[in-house]
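Undergrad: Just passing along the structure, written as structure tokens.
The values are calculated or read from the model by the stated rules, or taken from the named source; none is laboratory data. Predicted, not measured: the structure shown is a model, and the values here were computed from it. Cβ: placed from backbone, ideal geometry, glycine included. Neighbour counts: every protein chain shown.
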């Protein structure tokens, strides 16, 4: 999947309802116009990743926000790509062939164009079970982010 090339400086970046938007779940406190970009610690691991991860489904973004480490409230941002994106191999290659979660990644920043402020999360018991399952995979060496 391709989007507007960030190298094209002749066209200003103007949010529009006709541009594909994505969701990014996190605990980071961002404002409209900010960029979600590489160079910061991951939401899920104690390291910097080479890609920014987004999704086209609210459900996957909610899970991302619920599993994000750090302090602060869980947030879901609407973002627009500024460069090429690709399917996220962490889910499309390992768990869900065909990308039904509509999960993507990019080395390029995503511009925050809005925030979803009303959404339904999972129960504390569900989150605890998901985290327990992820921890078990990590102990087995199977919960590795392909970055």
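Undergrad: Looking only at the stretch 3-24, decide whether some residue is modelled with pLDDT under 65, closer than 25 Å to residue 100 by Cα and surrounded by 15 or more Cβ atoms within 10 Å (Cβ to Cβ).
TA: Yes, that holds for at least one residue.
Undergrad: Continuing with the same structure: Against the condition buried (at least 18 other Cβ atoms within 10 Å of the Cβ) and either modelled with pLDDT under 90 or touching a strand residue (DSSP E or B) at 6+ places or on another chain (Cβ under 9 Å) (or both), how does residue 39 come out, does it pass?
TA: In short, no.
Undergrad: Checking the structure you have, find out if any residue of the stretch 82-102 is exposed (fewer than 12 other Cβ atoms within 10 Å of the Cβ) and at pLDDT 85 or above.
TA: no
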